1. Filtering segment A:155-186 down to residues that are out of contact with any strand residue (DSSP E or B) (no Cβ under 8 Å at 6 or more places or on another chain) and within 12 Å of A:L132 (Cβ to Cβ), which residue is nearest to the other protein chains (Cβ to nearest Cβ)?
2. How about segment A:143-154: which of its residues are more than 12 Å from chain B (Cβ to nearest Cβ) and either in a helix (DSSP H, G or I) or closer than 28 Å to A:D121 by Cβ (or both)?
3. Find the helices (runs of 4 or more DSSP H) located wholly in segment B:344-437 whose residues include 3 or more that are crowded, with 17+ Cβ neighbours inside 10 Å and in contact (Cβ under 8 Å) with a residue 60 or more places away in the chain, and list them.
4. When A:A14 is evaluated against the numbered criteria (1) touching a residue at least 24 places away in the same chain (Cβ under 8 Å); (2) open to solvent by 30 Å² or more (accessible area, probe 1.4 Å), which criterion, by number, is the only one it fails?
5. Give the residues of segment B:304-322 that are open to solvent by less than 30 Å² (accessible area, probe 1.4 Å), of a type in the set (S, T, Y) and touching a Gly at 6+ places or on another chain (Cβ under 8 Å), sorted by residue number.
6. For segment B:273-303, what are the residues that are crowded, with 22+ Cβ neighbours inside 10 Å and under 28 Å from B:G208 (Cβ atoms)?
7. Here's a check for you: in segment B:114-149, which residue that is of a type in the set (D, E) and under 14 Å from B:W29 (Cα atoms) is least open to solvent (accessible area, probe 1.4 Å)?
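The values are calculated or read from the model by the stated rules, or taken from the named source; none is laboratory data. Given the structure is predicted, the values throughout are model-derived calculations rather than measurements. Cβ atoms come from the backbone with ideal geometry, glycine included; neighbour counts cover every protein chain shown. For accessibility, only protein heavy atoms count, side chains too; no ligands or nucleic acids. Shrake-Rupley method; radii C 1.70, N 1.55, O 1.52, S 1.80 Å.
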Amino acid sequence: MSLLEIKNLRVRVAGHEILKGIDLTIDSGEVHSIMGPNGSGKSTLAQVLARRETYQVIDGEVLFNGKDLLAMKPEEAACEGVFMAFQYPVEIPGISNTYFMRSALNAMRKYRNQDEMDAMDFLPMFREKVKLLEMDEKLMSRSVNEGFSGGEKKRNEILQMAVLEPKLAILDETDSGLDIDALRIVAKGVNAMRSKDRGMLVVTHYQRLLNYIVPDRVHVLVDGRIARSGGSELALELEEKGYGWIDGEAQATVPAST
Amino acid sequence: MTTPMKHPDTYLDAFHRLDQRAAGHELAWLRQLRAHAFERFSQMGFPTTHDEDWRFTNVSAIARTRFSLPHEGRGRLLRPELLPPRLGNPEARLTFLNGHLVRELSTFPQAIQVSSLKAELERSPDTIRLHLGRYLDMQRDAFSPLNTAFFEDGAYVHVTRGKVIEEPIHLIFVSASDRPIMSHPRNLLVFDEQCEATVVEEYISWPGEVVFSNSATELIAGESTTISHYMIEREHGEAFNISTLRIQQARSANVASHSVLLGGGLVRNNVHPVLAGEGGECLINGLFVGTGREHLDNYMHVEHASPHSTSRQFYNGILDGHAHGVFHGRIVVHKNAQKTDAKQTNRNLLLSDNAQIDTKPQLEIYADDVKCTHGATIGQIDDTALFYLRSRGIEERVGRRLLLMAFAGQCLERMSAGAARSHVEHLIHEHLSLIEPLPGEESEPVAVERTLEEVG
């Protein structure tokens, strides 16, 4: 059984069909990358998998470990092991990072019938992950993402992923707005999480991140469809030739279905 | 225009009876003060919504109801365990039932001069005369005159020069009755130069009881004092609560007023600081949480009357059901009050389509070198923030509750750490759990069958 199986997924947002039939399978231990020009539907796919409710699924099926992902609420998907690092992490004044992470972890443990973690057990583990992401521990007693720089917000997303240890990690344009140092730290955090028990879906516009997180498979999304799939070398080709090349080829090889 | 009083005789009769027995009735100056106040009340009558300051708050239900003034010693509280916990040890704690001191539920530590106003009027009337009624504005509405005419007791606190009182002084005002009653607690809080203290006023009543509490507090903050004042109001759907806090600040006095309104049929919270001395600082911080058909009105009137003074107003409102909230923030900068720095922020969360908020800033600036800003926001629970929490495994209800607590937490953060803040934090948690119950926490409101036993 695959970790994630997407079959003919069609999604509408505010009356517009954004995803027009996606098929994608990810197995545990694999890192897939979705690339594509702006507006191609990359983020929509990530958000649908994280169960954002503003997106309307009009057709298709998504199985996560064989379970119907599209029937799950966001918190259920999270507890089953789906994690999305946000493209735009949200600031939540009044809730500290530490409290947030412990609440989240305990919500998941409760869902899995495990004992909740008290502060004594949680803090040493948390501190270790904070160190891995080279973050200032002082930030952790501050409100979630409030007053964080762009790079700190993105690192905080990966920190959350490291704490929650998902089965499927989706990175939604985690590289956008990062300088090279921050990018390296983020990649280090992600690579430390690569394991045979975990799948990853790295959504990005640029190939740059994939120099550091080398994917097993690359898929190019154009106008709501996967126009081409290949190995990691496909990313380099795209970097060289741009998306226009795929665009034209996709239109040439895939006849319009309407 | 005034609301025709349905029972003017009730007030007149009550006044005549009270005049013979009230605290300090043998003192000519006090009788005169009361007589003037009653005259003023009779002239003004209760305000109507045609009155600009009462546009959003209709008090005709108060005018319509025939309230009686309970006599001292007529009732005994049946459930003292429902009173708030002790906030310090030793704690100065005065408990008033329907406007009268309950001695057995009160403690008076030796170190602080805390007593009942009535006792102090007997002991040293001249001290009281120095301050009582000197600051309260008798021209603005009928409630301050009504209080002055009818008060029977309240707290008298005097902290002398340089003294630092660590534990909060806790004043508890309970209204309990099976028929409509009114009480008019009157507090006089006097702080000499350079002292520090915290005073907590807490107003309580129980479901189903029609009570009207009309309190007035005069707080005199001497030079370079640091004072925290808490107004905790937690009454129920049938209760009317009008409170007026008048703060007089001397030079470099630093006063924080924290209001926490957690329910009530009709609540009006007047806060009126006057920064009379140079370099004064005033924080006016508040949280109001309304559900059902509750009506919670906050009327701020901040007067900068001297140069270099600073005021900060922050009020957060949470409104659910058909609740109606009001925030009226008036800032007056007098002509000589140059270099005034005044800021006002009112944030509101509406949790239902039927909840309502009226927010109104009002700046009157007569000086030319000042900084005054104001801002108000009205919104719902942030969907994006909620999704963020849920995407990390936190259940929707828990997430909503966390966001509510975080919103309320903005007000908590402005309170100094200590017993008073912890108490407030606990009350807010408890109250928000009624609005957004978590699994296994479905509300079981304390069923109180009888709160009062008639004696005598």
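1. So, considering only residues that are out of contact with any strand residue (DSSP E or B) (no Cβ under 8 Å at 6 or more places or on another chain) and within 12 Å of A:L132 (Cβ to Cβ), the one nearest to the other protein chains (Cβ to nearest Cβ) is A:V163.
2. Hits for segment A:143-154 are A:F148, A:G150, A:G151, A:E152, A:K154.
3. It comes to B:396-412, B:419-435.
4. Looking at each condition in turn, A:A14 falls short on (1).
5. Residues satisfying the conditions are B:S306, B:S309, B:Y315.
6. Hits for segment B:273-303 are B:G286, B:L287, B:F288, B:V289, B:G290, B:E294, B:H295, B:L296, B:D297, B:N298, B:Y299.
7. B:D126
Here is a yes/no grid of residues against (1) modelled with pLDDT of 90 or more; (2) assigned to a loop (DSSP other than H, G, I, E, B); (3) more than 17 Å from the chain's Cα centre (by Cα):
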site	(1), (2), (3)
B:P70	no, yes, yes
B:R76	no, no, yes
B:P84	yes, yes, no
B:E120	yes, no, yes
